[in-house]
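Undergrad: The structure under discussion is supplied below as structure tokens; questions concerning it will follow.
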Amino acid sequence: MKPSRELSDTGRFVRQPNRFTDRLGPPEPGRYRLYASYACPWAQRVLIVRSLLGLQDLLDVTIVDPIRDEKGWRVPGGDPEYLSELYLATDPGYTGRYTVPCIWDAKDRRIVTNDFPRITLDLETSWGTSPDLYPERLRPDVDIMNDRLYHGLNNAVYEAGFARDQQAYEEAVTCVFTTLDFLEVRLAGSEFLFDTLTDSDVRLYTTLARFDTVYHTHFKCSLRRLIDYPALWAYARRLYGIPAFRETTDFDQIKRHYFITQTDLNPSRIVPVGPELDWSP
């Protein structure tokens, strides 16, 4: 990541807008391919939902190399060699970051979407309905929760990590821990955020999975650790016990991506040892 591209004049991290926002059409075997990274929390969301809904035969997947260089995400196997080639084939004038997740349409030869908040909802409502991760009766509440998670935690850890101003950092990190405190109370005695597993749980999990391993140190979200929150830590481990969550969580790739790729924050590119965490439910 080149955070300088997404820094305001006041030193605040401002995430770039998603360039491709078309909606997915009906599932067609062989037509759509998901490009994702085990290291990326936004991409892991889609991998989890794909697995939970049993969409493996309908949505092909390519996992990119976790070590990103100045050319962006490298595609193992070399066709294309870099994800950027698909972005530029779709929009030759594109100048933003080449992000995952994105979905390539092999029929129309273009990226349909890199709109990570919308991708999981499209899969949950148009491609698979069991389990129902976006139940109609809960959709207004799930939407509110998702918005709170994004601004208070999912993106706020990046706002803390990439801040270049003390006040901006402190505001972001305060937001992170205010949200974690709220979630700790909500999850005390509850299995999920609502009365059933939903899209919100998927969105929360991918940040929690990276918190103590990366965000606590690398992004300076060091006020408390996930393991200091008994209800949240138990909740994260319960989700990890579900195969779709566990099998898409690769702590080695997560650590190597953040600590090797983000040289503005870690110029030495040294990957820390630990932390030692027992994720078994």
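The values are calculated or read from the model by the stated rules, or taken from the named source; none is laboratory data. Fair warning: this is a prediction, and the values are worked out from it, not measured in the lab. Please note: Cβ atoms are built from the backbone with ideal geometry, for glycine as well, and neighbour counts cover all protein chains shown. Quick note on the areas: whole protein, heavy atoms, side chains included, nothing else; ligands and nucleic acids left out. Shrake-Rupley method; radii C 1.70, N 1.55, O 1.52, S 1.80 Å.
Undergrad: Leaving out same-chain residues fewer than 8 places away, which aspartates and glutamates sit with a Cα under 16 Å from that of Lys255?
TA: Straight-line reach from Lys255, under 16 Å: Asp65, Asp69, Asp212, Asp264, Glu276.
Undergrad: Let me ask something additional. First compute the accessible area of the chain with a 1.4 Å probe, then give the percent of it belonging to carbon and sulfur atoms. Let's see the in-between values first.
TA: Values: 5880 of 12250 Å².
Answer for the chain is 48 percent, counting heavy atoms of protein chains only.
Undergrad: Restricting the count to DSSP beta bridges whose residues both fall in the chain, what percent are antiparallel, rounded to a multiple of 5? Walk me through the numbers on the way to the answer.
TA: Working: 11 of 15 bridges.
The antiparallel proportion sits near 75 percent.
Undergrad: Taking N as the number of residues in the range 160-221, what is its Cα Rg relative to 2.2 N^0.38 Å?
TA: 1.26
Undergrad: Taking the alpha-carbon centroid of each part, what is the distance from the range 28-76 to the range 163-185 in angstrom?
TA: Their Cα centres are 29 Å away from one another.
Undergrad: Starting from the Cα gyration tensor of the range 147-281, multiply each eigenvalue by 5, take the square root, and state the resulting semi-axes largest first in whole Å.
TA: Working through the eigenvalues yields semi-axes of 24, 19, 12 Å.
Undergrad: Once you wrap a convex hull around the alpha carbon atoms of the chain, what is its projected area averaged over all directions, in nm²?
TA: If you wrap the Cα atoms of the chain in a convex hull and average its projections, you get 14.4 nm².
Undergrad: Give me the accessible area per residue for the range 79-221, probe 1.4 Å, as a whole number in Å².
TA: For the range 79-221, the per-residue accessible area is 39 Å².
Undergrad: With +1 on each Lys and Arg Cβ and -1 on each Asp and Glu Cβ, how big is the dipole of the chain about its Cα centre, in debye rounded to the nearest 20? Could the numbers behind the result be given before it?
TA: Values: 34 positive and 41 negative charges, 91 e Å.
Magnitude of the dipole: close to 440 debye.
Undergrad: What accessible area, in Å² to the nearest ten, does a 1.4 Å probe give for Glu247?
TA: Counting only protein heavy atoms, Glu247 exposes about 130 Å² to solvent.
Undergrad: Straight distance only, please: which aspartates and glutamates reach the Cα of Lys71 with their own Cα at less than 16 Å, same-chain residues fewer than 8 apart left out?
TA: Leaving aside aspartates and glutamates fewer than 8 places away in the same chain, those within reach of Lys71 are Asp79, Glu81, Glu85.
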